[in-house]
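Written out below as structure tokens is the structure these notes cover.
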Amino acid sequence: MIRLEKVSAGIGRITILRDIDLEVNSGELVAVLGANGAGKTTLLRVASGIVPVAFGSIDFDGKPIAGTAAHSLARAGLVHVPQGRQIIPALSVAENLTIGALNLPDMTKAEIASKLEAEYTRFPVLRARSSIPGGSLSGGEQQMLAISRALMMRPKVLMLDEPSLGLAPQLVARIMMALADLSKSGIAILLVEQKLVALDIADRAYILKNGQIVHSGGAAQLKNDAAILSHYLS
């Protein structure tokens with residue numbers, strides 16, 4: 001569903017990513033693990049069209065997308081949940097959920113209502129908090145809101161930047177369970193994480209270090225390889 005081939009990119013004259021080869025298929029959950037400064041956030045920003053590609057190519061849904069505006073990619077189903085959640089604090093939870101979907105030209109009111117109900121079922125706390133400002137939510141509730149807001153956009157590929165950051169273990173487990181269920185529904189998920197809990201739900205994983213993919217393979221196999229994990233994630 002999304003494929004990066006020999007992608008290099010950076011900010012200004014600073015190269016951050018080098019020769020990245022990565023792909024995620026429909027119904028597959030792929031994790032990218034790396035320590036702080038490995039280039040994980042830049043990887044997602046490049047894939048979603050926020051940072052331009054310097055070299056290489058990116059295909060989404062069988063079509064090249066390098067140079068396509070980020071908002072156009074989001075409307076086409078390449079949806080990015082950034083680090084920091086970036087909800088709109090003054091808007092209610094319900095308004096945050098629908099703000100993106102309302103900008104999809106073919107999204108009907110009936111479909112929005114159906115999707116809203118699905119997200120309230122996925123994360124019941126959002127229903128209970130639907131009328132309060134998004135900025136009043138706890139960190140974990142805001143992360144659920146950010147994920148549900150992205151799902152309202154009909155994603156074909158859902159990309160998430162460290163959704164576990166700053167959350168208690170029980171909330172991390174709940175979010176990871178929701179992501180695992182989503183991949184089974186056919187959505188392609190690219191999950192960037194520092195925490196090894198991502199390997200519990202991923203099909204495959206890549207390890208990113210200093211802007212390069214240094215290892216890739218099945219998530220279960222990688223999880224049991226302590227030598228690789230300690231070497232590349234230290």
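Read-outs: derived from the displayed coordinates by stated rules, not from any lab. Just so we're clear, the structure is a prediction, and the values are computed from it rather than from any experiment. Cβ sites come from the backbone with ideal geometry, for glycine too, and all protein chains shown count toward neighbours.
Please list, ordered by chain and number, the residues whose modelled amide H lies under 5 Å from the amide H of residue 8; skip anything fewer than 5 residues away on the same chain.
19, 20, 54, 55, 56
Using θ = phi - 60° and the Karplus relation 6.51 cos²θ - 1.76 cosθ + 1.60, list the HN-Hα couplings for segment 131-137 in order, rounded to whole Hz, with x at every Gly or Pro.
Taking θ as phi minus 60°, the curve returns 9, 9, x, x, x, 8, 6 Hz for segment 131-137.
Give, in nm to one decimal, the length gained when the segment between residue 14 and residue 212 is fully stretched (0.36 nm per residue of separation minus the Cα-Cα distance).
Value of the extension gain: 69.9 nm.
Can you tell me the relative contact order of the chain? Whole percent, Cα pairs under 8 Å, sequence separation 6 or more.
RCO, the chain: 29 percent.
Which entries of 40/63; 63/184; 63/109 have Cα-Cα distances beyond 26 Å here?
Distance filter (> 26 Å) returns 63/109.
Farthest toward the dipole's positive end in the chain, which of 25, 69, 183, given Cβ charges of +1 (Lys, Arg) and -1 (Asp, Glu) about the Cα centre?
69
Tell me, in nm to one decimal, what length is gained between residue 5 and residue 170 on full extension, where the rule is 0.36 nm per residue of separation less the Cα-Cα distance?
55.8 nm
Is it possible to state the helix-based mean residue ellipticity at 222 nm for the chain, with each DSSP H run of 4+ residues giving -39500 (n - 2.57), the sum divided by total residues, to the nearest 500 deg cm²/dmol? What is it?
It lands at -10000 deg cm²/dmol.
Taking H placed 1.01 Å from N in the peptide plane, check which residues at least 5 places from residue 80 or on another chain put their amide H under 5 Å from its amide H.
159
Quick check on segment 132-234: of the DSSP beta bridges with both residues there, what percent are antiparallel, nearest 5%?
Beta bridges within segment 132-234, antiparallel portion: roughly 55 percent.
By DSSP, what percent of the beta bridges with both residues in the chain are antiparallel, rounded to the nearest 5?
Here the antiparallel bridges make up roughly 55 percent for the chain.
Averaging sequence separations of C-alpha pairs under 8 Å and six or more residues apart, then dividing by the length of segment 96-196, give the relative contact order as a whole percent.
In percent, rounded to a whole number, it is 29.
So, in Å, what gap is there between the alpha-carbon centers of segment 55-130 and segment 143-199?
The distance from the Cα centre of segment 55-130 to that of segment 143-199 comes to 13 Å.
Could you put 80, 71 in order, starting from the residue whose Cβ has the fewest other Cβ atoms within 10 Å?
Fewest-to-most Cβ neighbours within 10 Å comes out as 71, 80.
Explain nothing, just the number: relative contact order of segment 34-131, from Cα pairs under 8 Å at least 6 residues apart, as a whole percent.
18
Quick one: 3J(HN,Hα) in Hz for segment 6-15, Karplus 6.51/-1.76/1.60 with θ = phi - 60°, rounded, Gly and Pro as x.
Values per residue, Gly and Pro as x: 6, 7, 10, 6, x, 10, x, 8, 8, 7 Hz.
Reachable aspartates and glutamates from residue 223, Cα under 19 Å, same-chain residues fewer than 8 places away excluded?
Once the sequence-local aspartates and glutamates are set aside, what remains near residue 223 is 28, 162, 193, 200, 203.
Could you give the size of the charge dipole of segment 1-147 about its Cα centre, using +1 on the Cβ of each K and R and -1 on the Cβ of each D and E, expressed in debye and rounded to the nearest 20?
360
So what's segment 69-166 giving for Rg/Rh, alpha carbon basis, Kirkwood Rh from the mean inverse pair distance?
Rg/Rh for segment 69-166 comes to 0.94.
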